[in-house]
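Input: a single structure, listed below in structure tokens.
The values are calculated or read from the model by the stated rules, or taken from the named source; none is laboratory data. These numbers were taken from a predicted model, which means no experiment stands behind them. All Cβ positions, even for glycine, are placed from backbone atoms using ideal geometry, and neighbour counts span all protein chains on display. Accessible surface is based on the protein model in full, side chains and every heavy atom, while ligands, DNA and RNA are left aside. Shrake-Rupley method; radii C 1.70, N 1.55, O 1.52, S 1.80 Å.
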Amino acid sequence: MSAAVSSLVSYGSDSDSENESQSNTSPGKVDPMDPDATAHLKPLQSGQTMSLAVLNSAPEVAVKEAVETGIHLDPSLKEVVYNPTYETMFAPEFGPTNPFQTQQMAAPRNMLSGYAEPAHVNDFMFEQQRRTFSTYGYALDPSVDTHQTSSTGYIGALDEAEKYKGLTVFESGGKKSEKRKKIKGGDAGEIDQFLGPWAKYADEKDVAKPTEDEQKELDEITAKRQKRGRNEEEAPAEEKTILHVKEMYDYQGRSYLHVPQDVGINLRSSEAPDKCYLPKKQIHVWSGHTKGVSAIRLFPRSGHLLLSSSMDCKIKLWEVYNERRCIRTFIGHSKAVRDICFNNTGTQFLSAAYDRYLKLWDSETGQCISRFTNRKVPYCVKFNPDEEKQNLFVAGMSDKKIVQWDVRTGEVVQEYDRHLGAVNTITFVDENRRFVSTSDDKSLRVWEWDIPVDFKYIAEPSMHSMPAVTLSPNGKWLACQSMDNQILIFGAQNRFRLNKKKVFKGHMVAGYACQVDFSPDMSYVVSGDADGKLNIWDWKTTKLYHRIKAHDKVCISALWHPHETSKVITCGWDGQIKLWD
């Protein structure tokens, strides 16, 4: 300890000698004459102890009084070493006052337009006062008692408030109430005496009446109209037929229903051609209809005759081979013919028209055998293809029903009433034990024959109406013309599933029930479209192979001849039927 003190003393004496030359008044220097400044440099006497200064490492903390009086916090501070009060934490920042600040800007605001005091006003009361103010110019003062009825309880036009006794626009009835009373003739209480705006014309003297001659003429006209309406509704059109060939029978006594043997192919054969080819050119046009053709059907099995129905209310029978003449015209509908269907042998056919009649015709003689109607428009008609049920047929009606008739009795024997829209098509499947129907309700239903409850119902949100359906030659597939411009393929056996891999696109048919057909060997699918074109797709790849401009208007139907490799028949709304090869 003594050695350390001696060294300090010597160090201090050296420093004192060095500082003698410097001024005593210089700042920051130790005055050697100050006893307190040099006390620690003196050697310790025996028995004395040296007191060392205590070092306090704790940060400076504001005293309680400073906290209570409030110390301004620097906004840039990141850390506070004491607990400030709420007022201190949220005190406004110090700084220069805004010289441009107005009283409105300095006022407290809790919304964009200023400060709104919390208050509850009934919606009806608010609207009532608003309308009163906009009509009369005064309204109740919300700051005073609402039950006060004096003029001091209102704001705005106090004179008007006194005039109308503070009534609201609903209570007073508005400014036009007096005028209305004068015009209408009284208050609401007098409504029973009000005879209406035509009351002044009630006197018969002021009413113009027809003379006796004019009255007779009017009665005749109304009677004719009523009679005509009854005739159109009740009496069917008169049936007649026109034979266009010279002789109905040939030298052997055979009629035109006999299958020809001299056309180069065996029309009696049930076998389809081995390979089919694309048709390339038009080889014949059947013209005779004066309006659009709605449907065409080939003679069963042989296909040597063609039956066509038209919007000119006529049905015509044509030759497909040899001279391709028009053989017979069937006349018996008063409105456009919608659908036609042969029976299995072709000796009879059914026609459905917009005059609400279904008629059964003899294909050979042209006579109308019987008529059927249920006062609804038939949209499609089909004979039951089963040989034992050739006396039964079904028709899809505009009233959402499928009606089954018996030809022998002419009575309805069954009704299938499950659809939610007009029935468009009926197609028999599964060896004629079932049939499939489509409707405007965008659904497809499958029925067991003679059971009026559908056992299969197919309807998806993405589905569209399918107004034309065709069964494939092998009986496995249903081709459905969908109104979203594509042909959908459903399985026709058991599950009736949609085949998503077989979708035929590329044509425009929205709004038209263009009939689809298959080639006999199942290699092509054909369909008309709204532009009058004949479209041909490949069945396996679903590619659009060929497109032919067939008609000037809608090509409504296309049929591939069942015994020919490349013959296709089309019909359109231009009134023509064309043969392509």
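Rounded to the nearest 5, what % of DSSP beta bridges with both residues in the range 427-547 are antiparallel?
Beta bridges within the range 427-547, antiparallel portion: roughly 100 percent.
Expressed in nm², what is the orientationally averaged projection area of the convex hull enclosing the Cα positions of the range 396-500?
6.8
What ranking, highest mean first, results for peptides 572-580, 244-252 when packing means the other Cβ atoms within 10 Å averaged over each residue?
Highest-to-lowest ranking by the protection proxy: 572-580, 244-252.
Suppose all protein chains stay in the model; what accessible area per residue would a 1.4 Å probe give for the range 358-408, in Å²?
38
Take peptides 518-525, 190-197 and line them up by average Cβ neighbours within 10 Å, highest first, as a rough protection proxy.
Most protected by this proxy first, the peptides run 518-525, 190-197.
Can you send over the carbon and sulfur percentage of the accessible area for the range 332-464, probe radius 1.4 Å, protein chains only?
Ligands and nucleic acids excluded, carbon and sulfur give 43 percent.
Hey, can you rank 350-358, 253-261 by average C-beta count inside 10 Å, highest first?
Ranking the peptides 350-358, 253-261 by packing returns 350-358, 253-261.
Could you please report the charge total around residue 336, scoring K, R as +1 and D, E as -1 over all other residues with beta-carbon less than 13 angstrom from its beta-carbon?
+2
Below 12 angstrom from the Cβ of residue 551, what's the summed charge of the other residues (Lys, Arg +1; Asp, Glu -1)?
Residues near residue 551 contribute 0 overall.
For the pairs 382/505; 280/316; 505/549, note any where the Cα-Cα span goes beyond 25 Å.
Beyond 25 Å: 382/505; 280/316.
Just add up the charged neighbours of residue 239: K/R +1, D/E -1, any other residue whose Cβ is under 9 Å from the Cβ of residue 239.
That works out to +2.
With only alpha-carbon pairs counted, each pair once and no self-pairs, how large is the Kirkwood hydrodynamic radius of the range 438-581 in angstroms?
15.5
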